Amino acid sequence: MGLLTIGAFAKASRLSPKALRLYDELGLLTPARVDPVTGYRLYAPEQLEQARLVAWLRRLGMPLARIQHVCSLDAGPAGQEVRAFWAQVEADTAARRDLATFLIDHLSRKDPTMPPNAKSLAIRYAALSDTGLVRESNQDTAYAGPRLLAVADGCGSRGGPAGAAAIGALKHLETGSLPAGNLLNVLEDVVEQARQAVHNVAGSGSPAEGTGTTLTAMLWTGSQLVLVHIGDSRVYLLREGELFQITHDHTLVQSMVDEGRLSPEEAASHPQRSLLVRALGQGADTTPDMRLHDAQRDDRYLLCSDGLSTVVPTQGIRQVLTGIGEPEQAVRELIALANASGGPDNISCVVADVVEQQR
């Protein structure tokens with residue numbers, strides 16, 4: 001078979017002549033020959049496979065620059081690149097879905113702080129932080145109050161003050177009113193205040209020190225817990241005896257698991273398992289996950305730093321949360337378990353129970 005005209009090639013590849021001219025200009029799909037007299041682009045039949053790949057990748061929504069990179073790779077690495085791109089698309093979609101769910105739930109309630117006919121609920125809570133058995137100082141901060149639950153895990157030379165400053169920026173929520181129609185804006189404002197507080201702490205040191213912090217917080221509205229999450233501290237929910245992790249780790253290793261490049265078992269021992277892709281700090285991605293959780297009586301929430309979750313198996317955490325009634329005793333037992341496993345990092349825990357409010 002001889003060379004194909006641009007029209008014939010466009011029909012065979014399911015790309016328009018206009019798209020083919022653009023891909024030629026970008027160097028993505030160069031014609032086999034250009035007629036010197038007419039300027040017509042002519043394509044070889046063996047170029048159809050690459051053209052169809054380009055068409056399929058465009059249907060996925062992949063940017064042209066990334067398509068060019070994929071087309072330059074061998075089949076195996078190209079497949080890995082497509083998998084990584086799609087994992088990012090799914091992550092972005094999930095983030096937008098969470099925001100949409102937040103907005104739908106928020107807007108469907110006249111007053112999200114007290115839905116009609118709801119029983120009056122409250123939280124009973126305790127917080128504790130421990131240096132562990134290896135670190136010389138504690139860069140974690142744990143806080144629990146009538147409205148605010150929070151854990152921050154600092155990093156860098158001033159990580160401890162950074163974490164404390166991030167949580168300190170949220171504490172005004174304990175006493176201020178929560179506007180029913182403006183909850184999302186309130187959350188965006190407090191994240192910005194926490195970001196600025198960490199920046200102020202980091203500003204007193206050099207950028208090379210890498211000062212920053214995770215921030216995982218829950219705000220009690222009277223019927224719901226509103227989650228704000230940046231980093232790899234975690235929130236678990238114990239409901240009817242089942243334990244659920246309701247946060248997603250913002251780490252490089254977790255992103256590799258999401259992309260299918262690592263198994264969860266490989267991630268657990270990966271040397272870069274603590275490398276964050278989101279945090280509050282200089283030059284970091286500070287985009288938070290934000291969600292609303294409808295509270296039920298007898299729910300139990302655990303907020304913890306990775307000093308607990310990386311050394312104590314999920315089953316061990318569940319046993320403590322189901323077997324110990326008082327939050328104060330539960331946080332002490334969880335920290336004791338982490339230290340019994342070597343205590344290689346600082347450990348912070350907040351336990352909060354949803355209870356019927358005493359009248």
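The values are calculated or read from the model by the stated rules, or taken from the named source; none is laboratory data. Being a predicted model, the structure only gives us computed values, none of them experimental. Cβ sites come from the backbone with ideal geometry, for glycine too, and all protein chains shown count toward neighbours. Quick note on the areas: whole protein, heavy atoms, side chains included, nothing else; ligands and nucleic acids left out. Shrake-Rupley method; radii C 1.70, N 1.55, O 1.52, S 1.80 Å.
Key figures
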| read-out | value |
| --- | --- |
| Failed item, numbered, when Asp353 is tested on (1) modelled with pLDDT of 95 or more; (2) open to solvent by 30 Å² or more (accessible area, probe 1.4 Å) | (2) |
| Any hit, the stretch 239-258, residues being under 25 Å from Pro146 (Cβ atoms), open to solvent by less than 40 Å² (accessible area, probe 1.4 Å) and free of Cβ contacts under 8 Å to residues at least 60 places away in the same chain | yes |
| Answer residue from the stretch 1-56, given it is outside any loop (DSSP other than H, G, I, E, B), in contact (Cβ under 8 Å) with a residue 24 or more places away in the chain and of a type in the set (Lys, Arg) and is least open to solvent (accessible area, probe 1.4 Å) among those | Arg41 |
| Answer from Thr314, Thr221 - the residue that is farther than 27 Å from Val89 by Cβ, open to solvent by 10 Å² or more (accessible area, probe 1.4 Å), among the β-branched types (Val, Ile, Thr) and touching a Phe, Trp or Tyr at 6+ places or on another chain (Cβ under 9 Å) | Thr314 |
| Checking Glu90 against (1) closer than 30 Å to Leu308 by Cα; (2) modelled with pLDDT of 90 or more, the condition it does not meet | (2) |
| Spans of helices (runs of 4 or more DSSP H) in the stretch 246-359 with at least 3 residues more than 27 Å from Gly160 (Cα to Cα) | 252-258, 264-268, 314-323 |
| Filter pass, Gly154 being open to solvent by less than 60 Å² (accessible area, probe 1.4 Å), at pLDDT below 85 and small (Gly, Ala, Ser) | no |
| Residue that is farthest from the chain's Cα centre (by Cα) [pool: residues in the stretch 321-334 that are open to solvent by less than 10 Å² (accessible area, probe 1.4 Å) and either over 17 Å from Tyr301 (Cβ atoms) or among the hydrophobic types (A, V, I, L, M, F, W, C) (or both)] | Ala330 |
